[in-house]
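For reference, the structure is listed below as structure tokens.
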Amino acid sequence: MERANTNLLEAVDARTKLAGSNRMEILLFSLGTSEIFGINVFKVREVCRTPFITKAPNMPGGVQGLISLRGNVIPVLSLAKVLGLARAGQPLGNSMMVTEYSKRTLGFLVDGVDRIIRVEWDKVRQPENMAGTTQGYITAITELADGKLVSILDVETILSQTFGEAPVGQISALEKGVEANVFFVDDSAVARKRIVEVLDKLGARHKHALNGLEAWTRLEGMATHAQQQKRHLADEISLILVDAEMPEMDGYVLTRNIKGDQRFDGIPVVMHSSLSSEANRSMGKAVGVDAYVAKFDAEILAETLRPYLSKAFKE
């Protein structure tokens with residue numbers, strides 16, 4: 001499984017054509033067990049052989065140390081240790097994936113990398129009743145042509161469990177009289193919890209869905225009901241906040257659906273994603289998002305939402 005290298009990740013920017021196609025590209029890798037794991041290609045900057053790692057005191061569990069990469073010092077995690085799959089005497093990992101998400105750069109040690117596959121988001125499903133130590137670290141499952149399952153990492157949970165969560169901090173409420181209603185969708189429990197904290201501090205009411213397909217089904221139902229009642233949906237929903245990566249329907253297709261339906265006119269769509277590269281911002285712009293916010297800075301999220309929510313109905 002050592003065929004993958006930086007050549008696999010060439011021209012990632014060219015993959016912006018995937019926006020709105022409901023497809024994603026996954027880099028497959030192994031951790032020294034029979035399981036196959038995957039990570040969204042857009043989270044991976046490069047793949048290389050494991051470099052020399054400098055040990056450092058007081059590192060969080062799973063963090064093996066630090067490396068210098070083109071002048072930047074980045075922490076290196078053993079994914080086998082983080083996921084509870086490491087065995088005594090097992091090598092740390094022959095390969096390292098350099099990842100970038102939530103404006104953080106990290107090295108992930110893996111046993112080996114295989115190849116990139118392209119899958120339809122409607123073939124990606126949320127895990128159900130997963131047993132074992134990896135439970136909670138897997139955000140979705142998909143199936144290869146030979147019937148083998150691929151477990152897709154929940155990087156938000158790995159980041160939260162390893163380094164902890166920064167406190168939301170002080171966020172001032174919307175001005176008095178503003179009645180803002182937000183509909184948000186995110187498949188990560190960690191992200192949903194943080195979003196709720198921000199919206200509560202702003203004083204905005206909120207409803208949420210767990211994946212893109214559920215969100216679109218519910219939004220369509222709300223739009224139909226408003227139409228039947230001869231009301232404008234924009235009077236009931238002030239803003240829609242969408243994640244980019246989600247099982248069954250991604251945030252790009254969801255946004256395209258919303259922007260292509262006149263019943264949602266006047267409702268801004270903000271994309272909130274751990275995919276923080278310019279390529280992903282371009283993908284969001286291509287489908288019509290009104291703003292793109294990288295996870296997770298509570299203050300930046302709040303200040304991005306504030307001007308849209310401040311236009312909501314006032315008493």
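Could you say which residue among Met271, Met249 is modelled with pLDDT of 95 or more, under 30 Å from Glu143 (Cα atoms) and not in a helix (DSSP H, G or I)? Talk me through it step by step, then tell me what you get.
Values: Met249 fails: modelled with pLDDT of 95 or more.
The conditions single out Met271.
Give segment 164-182 a look and list any residue that's surrounded by fewer than 22 Cβ atoms within 10 Å (Cβ to Cβ) and under 22 Å from Thr255 (Cβ atoms), or say none.
Of segment 164-182, the ones surrounded by fewer than 22 Cβ atoms within 10 Å (Cβ to Cβ) are 164-179, 181.
Asn181 - this is the single residue of segment 164-182 that is surrounded by fewer than 22 Cβ atoms within 10 Å (Cβ to Cβ) and under 22 Å from Thr255 (Cβ atoms).
Might you check whether a residue that is of a type in the set (A, V, I, L, M, F, W, C), at pLDDT 95 or above and assigned by TED's automatic domain parsing to the domain that holds Trp121 occurs anywhere in segment 154-177? Give the steps one after another, and end with the answer.
We begin by selecting, within segment 154-177, every residue of a type in the set (A, V, I, L, M, F, W, C); these are 155, 158-159, 163, 166, 168, 171, 173-174.
Filter once more, keeping what is at pLDDT 95 or above: none.
Checked segment 154-177: no residue is of a type in the set (A, V, I, L, M, F, W, C), at pLDDT 95 or above and assigned by TED's automatic domain parsing to the domain that holds Trp121.
Could you tell me whether any residue of segment 204-213 is of a type in the set (Gly, Ala, Ser), at pLDDT below 95, touching an Asp or Glu at 6+ places or on another chain (Cβ under 7 Å) and in a loop (DSSP other than H, G, I, E, B)? Spell out the reasoning first.
First pass over segment 204-213, keeping only residues of a type in the set (Gly, Ala, Ser): 204, 209, 212.
Imposing the further condition that a residue be at pLDDT below 95 reduces the set to 212.
Remaining after also requiring touching an Asp or Glu at 6+ places or on another chain (Cβ under 7 Å): 212.
Adding the requirement that they be in a loop (DSSP other than H, G, I, E, B) leaves none.
The answer is no; no qualifying residue exists.
Does segment 37-54 contain any residue that is within 22 Å of Thr157 (Cβ to Cβ), modelled with pLDDT of 95 or more and among the aromatic types (Phe, Trp, Tyr)?
Yes, there is a match, as at least one residue in segment 37-54 is within 22 Å of Thr157 (Cβ to Cβ), modelled with pLDDT of 95 or more and among the aromatic types (Phe, Trp, Tyr).
Checking Val190 against (1) without any contact (Cβ under 8 Å) to a residue 40 or more places away in the chain; (2) out of contact with any Ser or Thr (no Cβ under 9 Å at 6 or more places or on another chain): exactly one of these is not met. Which one?
Checking Val190 against (1) without any contact (Cβ under 8 Å) to a residue 40 or more places away in the chain; (2) out of contact with any Ser or Thr (no Cβ under 9 Å at 6 or more places or on another chain), the one that fails is (2).
Kindly indicate whether any position in segment 269-288 is surrounded by fewer than 20 Cβ atoms within 10 Å (Cβ to Cβ), under 25 Å from Asp235 (Cβ atoms) and of a type in the set (Asp, Glu).
The answer is no, given that none of the residues of segment 269-288 is surrounded by fewer than 20 Cβ atoms within 10 Å (Cβ to Cβ), under 25 Å from Asp235 (Cβ atoms) and of a type in the set (Asp, Glu).
The values are calculated or read from the model by the stated rules, or taken from the named source; none is laboratory data. What you are looking at is a predicted structure, and each value in this text was computed from that prediction instead of being measured. Counting neighbours? That spans all protein chains shown, and the Cβs are built from the backbone with ideal geometry, glycine included.
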